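> What follows is a structure written as structure tokens; I'll ask about it next.
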Amino acid sequence: MPLLPLPALNDPEGELIPDSLPFVVDAHVHLFPDALFSAIWSWFAQFGWPIRYQLGARELIEFLLSRGVGHIVGLHYAHRPGIARGLNVHMAELCRQYPQVTGLATVFPGEDGAADILREALQTGLAGVKLHAHVQFFEMDSPAMHEIYGICAEFDKPLVMHVGREPKNPEFPYPRDPYLICAAEKVEAVLKDYPKLRVCVPHLGADEFDAYRSLLDRYDNLWLDTTMVFADYLPVAEMPRLADFRSDRVMYGTDFPNIPYAWDRELKRLSEQGLSANSLEKLLGGNAVSFFGLPPIR
């Protein structure tokens, strides 16, 4: 990828999801407390892209629901030790306030009491775990990560891990190079060691699209999400074809609100992919229901 940051887009946004589309689950929405959101947006402005929708967690939930999104999967991550408990409490409160939101827990791998932090969060009803290797710089085969895999398996809860190599900004001083700690072959080892653990890799595993497509064909415990890949924004060397991926293992997600373009940009482009009605229904909602154990789509 060329150097970041990338520019903002002033593309038009729709008022509502078209009635012609099936029930939509946005499986990749970030829900942070306001102060942390502000810090994240400052980082993106310097190293990623300008954030178009600088909304607080409740505002952004109401924004998406008012435009026809049927269900939201809330994600967050602890960028340092000692904050995960507070983040998990914040997420659980949002889920209690909004039944249309399913929230995931987080933890900083290897921090003191990590196992207790996760068990507490999952016992409150949070529906899985979210981690981000670019931010938390973990090795997938470390003892700290095996502890997390084991707890997810113990509670039968899924794990969403940003372990694709991109987007990476060479100008940012990462504590660990994402290209060294992130690789499809490392994810495959987790899939083999924990065959009952449901794992989702966001961004279609960018930039190892071919490798992750192959893994989908061989492992029934792997899912991917589309987040930002098909928005025609990130400078991907070769855009993958969605039709080449298993239709029962890819979920729609946006990265909202941390995007530089219209909230429905990717949704529009996905609906123009020429997918069958059945495949589109799975992509936009059905696969997320299966992966996260959401209430059945009505």
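The values are calculated or read from the model by the stated rules, or taken from the named source; none is laboratory data. Small disclaimer: the values here were computed from a predicted structure and weren't measured. Cβ placement follows ideal geometry from the backbone for every residue including glycine, while neighbour counts extend to all protein chains displayed.
> Quick check on my filter: what residues within segment 39-61 are without any contact (Cβ under 8 Å) to a residue 12 or more places away in the chain and hydroxyl-bearing (Ser, Thr, Tyr)?
If the condition is that a residue be without any contact (Cβ under 8 Å) to a residue 12 or more places away in the chain and hydroxyl-bearing (Ser, Thr, Tyr), then Ser42 is the only one that fits.
> Taking the condition under 29 Å from Leu283 (Cβ atoms) and modelled with pLDDT of 95 or more, does Glu93 pass?
So Glu93 does not fit the description; no.
> For Trp263, indicate whether it is hydrophobic (A, V, I, L, M, F, W, C), under 30 Å from Glu15 (Cβ atoms) and within 16 Å of the chain's Cα centre (by Cα).
yes
> Here's another thing I want to ask about it. Is there a residue in segment 219-226 that is in a loop (DSSP other than H, G, I, E, B), modelled with pLDDT of 95 or more and either among the small types (Gly, Ala, Ser) or closer than 29 Å to Leu9 by Cα (or both)?
The answer is yes; a qualifying residue exists.
> Looking only at segment 206-263, how many residues end up being of a type in the set (Asp, Glu), in contact with a helix residue (DSSP H, G or I) (Cβ under 9 Å, 6 or more places away or on another chain) and within 29 Å of Ser42 (Cα to Cα)?
Counting residues in segment 206-263 that are of a type in the set (Asp, Glu), in contact with a helix residue (DSSP H, G or I) (Cβ under 9 Å, 6 or more places away or on another chain) and within 29 Å of Ser42 (Cα to Cα) gives 4.
For every residue, the table says whether it meets (1) within 19 Å of Tyr261 (Cβ to Cβ); (2) of a type in the set (A, V, I, L, M); (3) in a helix (DSSP H, G or I).
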{"residue": "Leu16", "(1), (2), (3)": "yes, yes, no"}
{"residue": "Ala27", "(1), (2), (3)": "yes, yes, no"}
{"residue": "Phe32", "(1), (2), (3)": "no, no, no"}
{"residue": "Ala35", "(1), (2), (3)": "no, yes, yes"}
{"residue": "Ile40", "(1), (2), (3)": "yes, yes, yes"}
{"residue": "Gln46", "(1), (2), (3)": "yes, no, yes"}
{"residue": "Pro50", "(1), (2), (3)": "yes, no, no"}
{"residue": "Tyr53", "(1), (2), (3)": "yes, no, no"}
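> Looking at segment 109-135, which of the residues that are out of contact with any strand residue (DSSP E or B) (no Cβ under 9 Å at 6 or more places or on another chain) and either under 25 Å from Ser290 (Cβ atoms) or touching a residue at least 12 places away in the same chain (Cβ under 8 Å) (or both) is surrounded by the most Cβ atoms within 10 Å (Cβ to Cβ)?
Ranking the qualifying residues of segment 109-135, first place goes to Ala114.
> Please find, within segment 1-54, the residue that is nearest to Leu104 (Cα to Cα) out of those that are of a type in the set (Asp, Glu) and surrounded by fewer than 19 Cβ atoms within 10 Å (Cβ to Cβ).
Asp34
> Hey, any hits in segment 157-172 for a residue that's farther than 26 Å from Pro257 by Cβ and over 19 Å from the mean Cα position of the chain (by Cα)?
Within segment 157-172, none of the residues are farther than 26 Å from Pro257 by Cβ and over 19 Å from the mean Cα position of the chain (by Cα).
> Just to check your reading of the model, which residue among Ala211, Ala189 is assigned to a helix (DSSP H, G or I), under 27 Å from Glu238 (Cα atoms) and in contact with a Gly (Cβ under 9 Å, 6 or more places away or on another chain)?
It is Ala211.
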